[in-house]
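Single-structure report; data block below.
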């Protein structure tokens with residue numbers, strides 16, 4: 001039987017890299033993001049390489065859209081072996097500049113969408129008593145820096161929810177894991193933010209999305225006698 005993975009939040013950097021990494025291991029890969037049409041070049045690239053790939057439009061904050069996405073994939077493509085939640089919500093702003101709309105939106109993206117994804121993944125996987133659900137975290141999952149109050153509150157809440165999910169799902173043979181990316185990842189946003197970007201990249205001081213993605217495959221394929229709940233990712237020279 002073919003192995004299948006779904007990446008929720010299949011953006012241009014981390015999400016796309018995760019899809020490529022699983023496709024390289026001959027998984028059928030499904031990606032979802034709010035603008036699903038942006039996935040078309042990646043889907044075409046993977047199909048041209050002989051891989052099975054599908055792209056979907058889905059707002060992970062909308063319960064009915066998440067439910068419909070899982071139903072479509074399970075009915076028309078196949079049973080999911082792994083689900084990755086990778087929705088980004090990193091919007092720096094001071095507490096004084098954070099209005100209720102912004103705070104709520106960041107919580108919806110980082111926490112509520114993670115809950116919906118985890119719940120739907122658990123619902124289909126518990127029927128088969130196997131699978132993996134992996135969540136992308138950040139430095140903000142562990143501590144709140146100045147200017148990141150809303151993001152830290154949402155990512156911290158996601159981590160606690162994932163801990164609860166892991167404790168519920170583990171005895172049902174479902175691996176739940178949380179990946180703390182405690183560093184800058186090589187994206188266009190980081191490139192524009194860091195004045196020493198080129199120097200850091202040349203010295204492997206920025207996380208390469210393709211290298212990062214290998215960890216998601218490894219987590220999914222871990223033997224159950226030695227499951228990892230939480231993994232910290234940072235370059236060799238990153239300060240803790």
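One residue stands out among those in the stretch 124-143 that are surrounded by fewer than 21 Cβ atoms within 10 Å (Cβ to Cβ) and without any contact (Cβ under 8 Å) to a residue 40 or more places away in the chain: the one that is nearest to residue 218 (Cα to Cα), which is 127. Test residue 117 against the stated conditions and say whether it is closer than 20 Å to residue 66 by Cα and in a helix (DSSP H, G or I). The answer is yes for residue 117.
A single entry from 113, 17 fulfils the requirement of being over 21 Å from residue 219 (Cα atoms) and touching a helix residue (DSSP H, G or I) at 6+ places or on another chain (Cβ under 9 Å): 113.
Taking the stretch 144-240 as the region of interest, the helices (runs of 4 or more DSSP H) fully inside it that hold 2 or more residues being in contact with a strand residue (DSSP E or B) (Cβ under 7 Å, 6 or more places away or on another chain) and either surrounded by fewer than 20 Cβ atoms within 10 Å (Cβ to Cβ) or touching a residue at least 24 places away in the same chain (Cβ under 8 Å) (or both) are 149-169, 209-221.
Among all positions in the stretch 180-201, there is no residue which is over 23 Å from residue 111 (Cα atoms) and modelled with pLDDT of 95 or more. For the stretch 83-104, enumerate the residues that are surrounded by fewer than 21 Cβ atoms within 10 Å (Cβ to Cβ) and touching a residue at least 12 places away in the same chain (Cβ under 8 Å). Matches in the stretch 83-104: 88, 90, 91, 92, 93, 94, 95, 98, 102, 103.
The values are calculated or read from the model by the stated rules, or taken from the named source; none is laboratory data. Every value quoted in this text rests on a predicted model; they were computed, and no experiment measured them. Here Cβ is always computed from backbone atoms with ideal geometry, including for glycine, and neighbour counts include all displayed protein chains.
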